[in-house]
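The values are calculated or read from the model by the stated rules, or taken from the named source; none is laboratory data. Since the model is a prediction, treat every value here as computed from it, not as a measurement. Note that each Cβ is placed from the backbone with ideal geometry, even for glycine, and that neighbours are counted across all protein chains shown.
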Amino acid sequence: MKFFVIGMLVFQYGFSMLSDLESEASRYVGELGDKWLFPSDHLPVGASVGPLSVTSWNILNTKFLHHIASNDQGLLNSSIIGYDIPFGDESSLTFRENNVVMNIISMVVDDIHFPRNVVAIQECNNSVLDALRKRFPDNIDISTPFDGGLRDDNGEAIIYNSSLFEYIGSNTYVYQAKRGNSIFDVTLRERKSGDIYRIINSHVPGGPYSIKALDEFGDYLISNYDDKHVMIVMGDLNASYSAIAKVLSVKGIDQQYRYVESGYPSHIDTRRNAVTFDHIFVSVGKNSNITYKSKDAYEVLHGLGGIVDLLKKS
């Protein structure tokens, strides 16, 4: 009888989670096609956390462009597909990937008004990783889950300004629900204050893997929580805020983490709805002097406001 009750609770939790994955108000945008002049089907989101200016962006791995080509998202005629051509005879990059690289460089190097000192990216491949490392100045470092680069599907990486932050260590958890996606957890010490920041970057598996993967995600957060550190959790979480909030509540850590809402949709799903699947959560723990707030689109990336307007007005 006890097993039956527990089983029913698990079933109810899973069913509730399934209904919550896209439960926030989504907006049908239809086929945007050639109006979509952006190199990914995800938009970056950002926040300021104490001295950190953080950004999270799923940059769209080229190996997954067949999803775009299916036109379920209405992006077949977009620049994502149009710029999927070689960038040059001596480059392994495509034009689209080079645009991604240039946008990231703009975030962390070129933008003197809104510099980002920590950027978490998902769906990175080794061609993009190598191009970033070649073009970054010496004080911009990239940490990856595995020595020597990225494995085939594990595209999480964390970029940080090493003149401001000292790398302490990292941890990688590979999802069992869908091996390939991971949670990449990097610890940084701010050189000026000595404060410790944990940057947890993840691409949670979506679709049929979502419920089990979100459960793993919640387990990782609770088992690695440390109130002595500032915890910043971000990434393409493949679910709505309410679904993530439910996971945190079930795991008993909903009071520790606060949601930093972007204020704009970040993705077009396969129903051609504008949804928010890219999130940032913050826990300051015992560091009560640390404040945080979301960033507007123009603070996240120059020119992003036009794409946001397209999603809001289409």
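Before moving on, here are some points about what is shown:
- Against the test of being surrounded by 20 or more Cβ atoms within 10 Å (Cβ to Cβ), without any contact (Cβ under 8 Å) to a residue 60 or more places away in the chain and closer than 27 Å to SER314 by Cα, the options LEU237, LEU221, LEU248 yield a single qualifying residue, LEU237.
- Residue tally, condition touching a helix residue (DSSP H, G or I) at 6+ places or on another chain (Cβ under 9 Å), surrounded by fewer than 20 Cβ atoms within 10 Å (Cβ to Cβ) and assigned to a helix (DSSP H, G or I), over the stretch 279-305: 2
So that you can scan it fast, the table gives a plain yes or no per residue for (1) of a type in the set (Ser, Thr, Tyr); (2) assigned to a loop (DSSP other than H, G, I, E, B); (3) on the phi > 0 side of the Ramachandran plot:
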| position | (1), (2), (3) |
| --- | --- |
| ALA47 | no, no, no |
| TRP57 | no, no, no |
| HIS66 | no, no, no |
| ASN71 | no, yes, yes |
| LEU75 | no, yes, no |
| SER92 | yes, yes, no |
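- When the stretch 60-94 is filtered for residues that are aromatic (Phe, Trp, Tyr) and under 22 Å from the mean Cα position of the chain (by Cα), only PHE64 remains.
- Residue check: GLU24 meets all listed conditions (1) within 27 Å of ILE232 (Cα to Cα); (2) in contact with a Phe, Trp or Tyr (Cβ under 9 Å, 6 or more places away or on another chain); (3) in a loop (DSSP other than H, G, I, E, B); (4) at pLDDT 95 or above but one, namely (4).
- Extreme residue, nearest to SER78 (Cα to Cα), among residues of the stretch 265-292 that are of a type outside the set (Ser, Thr, Tyr) and in contact with a Pro (Cβ under 8 Å, 6 or more places away or on another chain): ALA274
- Residue among ASN98, ASN161, ASN71 that alone is polar (S, T, N, Q) and touching a Phe, Trp or Tyr at 6+ places or on another chain (Cβ under 6 Å): ASN98
- Long-range neighbours under 8 Å by Cβ, at least six apart or interchain, first residue in contact (Cβ under 8 Å) with a residue 60 or more places away in the chain within the stretch 302-314, second in a helix (DSSP H, G or I) and of a type in the set (S, T, N, Q): HIS302/SER106
- Filtered residues of the stretch 213-237 (kept if of a type in the set (A, V, I, L, M) and within 16 Å of the chain's Cα centre (by Cα)): ALA213, LEU214, LEU221, MET231, ILE232, VAL233, MET234, LEU237
- For the stretch 270-314, a tally of residues being under 30 Å from ILE253 (Cα atoms) and of a type in the set (Gly, Ala, Ser) returns 6.
- Look at the stretch 83-112: where a residue is among the hydroxyl-bearing types (Ser, Thr, Tyr) and a partner is surrounded by 14 or more Cβ atoms within 10 Å (Cβ to Cβ), sitting 6+ places away or on another chain with Cβ atoms under 6 Å, you get TYR83/PHE95; TYR83/ARG96; SER92/SER127; THR94/ASP84; THR94/PHE87.
- Any hit, the stretch 105-116, residues being in contact with a Ser or Thr (Cβ under 6 Å, 6 or more places away or on another chain), in a loop (DSSP other than H, G, I, E, B), of a type outside the set (Lys, Arg) and over 14 Å from PRO39 (Cα atoms): no
- Of all residues in the stretch 189-212, none satisfies the criterion of being basic (Lys, Arg) and under 12 Å from the mean Cα position of the chain (by Cα).
- Residue list for the stretch 167-190, filter: surrounded by 14 or more Cβ atoms within 10 Å (Cβ to Cβ) and of a type in the set (D, E, K, R): LYS178, ASP185, ARG189, GLU190
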